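I am attaching a structure below and will ask some questions about it afterwards.
Derivation of every value follows stated rules applied to the coordinates shown; laboratory data play no part. The structure displayed is predicted, hence computed values, not measured ones.
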Amino acid sequence: MSTRSFVLQVGSIEALVIRKQIKNLHLSVLPPNGKVRVAAPLVMKDDAIITLLATRLSWIKKQQTKFAEQDRQTKREYVSGETHYFLGRPYQMTVKYENSPANVELKGKNMIVLHVRPDSALEKREQVMVAWYRKELRLIGDDLLAKWQQKIGVQMQFWGIKRMKTRWGTCDEDTGRIWLNLELVKKPVSCIEYVVVHELLHLIERKHNEHFVNLITKYLPKWRHEKEELNRSMLSYEEWDY
Ligand SMILES: [Zn+2]
């Protein structure tokens with residue numbers, strides 16, 4: 001199959017055009033930076049691509065603005081008064097600067113207290129929170145993975161926590177390694193459980209086919225609810241088809 005790619009400038013937008021053996025033009029605005037990618041049929045003329053892009057300029061800019069806003073929303077200062085999520089619930093942060101070891105504690109139903117040494121900078125405060133989030137997700141993940149490996153009758157080889165931009169979890173079926181996205185710790189336990197079951201089932205079925213859907217429905221009949229909840233908050237990949 002012959003393919004060729006080039007960059008097209010339309011107004012203020014730069015688009016990477018990839019020629020493919022396809023029938024329709026696919027236009028995508030990709031996270032995290034809002035890069036524009038066009039997959040175009042081999043026979044479509046450059047002029048036709050430019051015309052189509054020109055009609056979609058406002059949509060492209062809207063997507064790019066959305067990504068920029070989502071990016072800003074995820075930036076945190078780790079200061080008193082800020083809202084931080086843990087297992088699906090919002091907590092209001094209080095930062096206490098004191099001469100004792102750094103730690104994080106939950107207080108009551110909706111308070112999270114971040115203890116750090118005096119003069120701890122943003123980076124340090126973030127580090128303490130991230131370490132606490134990792135520790136908590138490690139505990140929850142250990143429990144859920146043990147429980148579900150037994151229920152399903154599969155065995156993984158390793159699991160770890162990573163920060164990922166576009167995926168909640170991954171499973172390498174050949175090595176039996178499972179990774180969970182650190183962001184999951186901010187979601188309800190039912191969502192973490194859905195990702196755990198989903199990734200473990202890939203040890204039985206690699207693809208998201210009917211067999212896979214039947215399996216996950218058997219173990220978690222309401223899985224679509226959790227999937228939707230996770231999709232709502234993830235940077236999503238927008239595509240528009242002609
Ligand atoms: Zn999957």
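Pull out a ≥ b ≥ c, the square roots of the eigenvalues of the alpha-carbon gyration tensor of the range 29-168, then state rounded if a/c is under 1.5, prolate if not and a/b is larger than b/c, and oblate in the remaining case.
On the way: a/c = 3.28, a/b = 1.62, b/c = 2.03.
The shape class here is oblate.
Sticking with this one: Can you work out D for the range 1-75 in µm² s⁻¹ from Stokes-Einstein, where Rh is the Kirkwood radius over C-alpha pairs, the temperature is 37 °C and the viscosity is 0.692 mPa s? Write down the numbers at each step before the final one.
Working: Rh = 13.0 Å.
The Stokes-Einstein estimate is 253 µm²/s.
Just Lys35, Lys45, Lys61 to compare: in a GNM of the chain, with alpha carbon springs under 10 Å, which one fluctuates most?
Greatest mean-square fluctuation among the candidates belongs to Lys45.
Here is a follow-up. Provide the percentage of antiparallel DSSP beta bridges, counting only those with both residues in the chain; round to the nearest 5.
60
Per the Kirkwood formula on distinct C-alpha pairs, the Rh of the range 131-179 is how many angstrom? Mind dumping the intermediate values first?
Values: mean 1/r = 0.0857 Å⁻¹.
Averaging 1/r across every pair of different Cα atoms and inverting gives 11.7 Å.
Can you divide the C-alpha Rg of the range 89-158 by 2.2 N^0.38 Å and report the result to two decimal places? Present the calculation step by step, with values, prior to reporting the outcome.
Values: Rg = 16.3 Å, N = 70, 2.2 N^0.38 = 11.1 Å.
Taking N as the residue count of the range 89-158, the ratio is 1.48.
In the range 17-110, what is the count of Lys pairs whose alpha carbons are under 26 Å apart, counting only pairs at least 8 residues apart or on separate chains?
The result is 20.
Ok, one more. Only helical DSSP H runs with n ≥ 4 go in: add -39500 (n - 2.57) per run for the chain, normalise by residue count and round the 222 nm mean residue ellipticity to 500 deg cm²/dmol.
Values: 6 runs with 93 residues, N = 242.
The helix contribution divided over the chain gives -12500 deg cm²/dmol.
For the chain, evaluate the Debye formula with one uniform point scatterer on each Cα (no solvent term) and list log10 I(q)/I(0) at q = 0.08, 0.16 Å⁻¹, rounded to two decimals.
Log10 of I(q)/I(0), two decimals: -0.45, -1.14.
If you don't mind, there's one more thing I want to ask. Between the alpha-carbon centers of the range 1-79 and the range 125-184, tell me the distance in whole angstrom.
If we compute the Cα centre of each part, the gap is 33 Å.
Can you tell which of Glu228, Glu193, Glu173 shows the greatest fluctuation in a Gaussian network model of the chain with Cα springs below 10 Å?
Most flexible of the set in this elastic network: Glu228.
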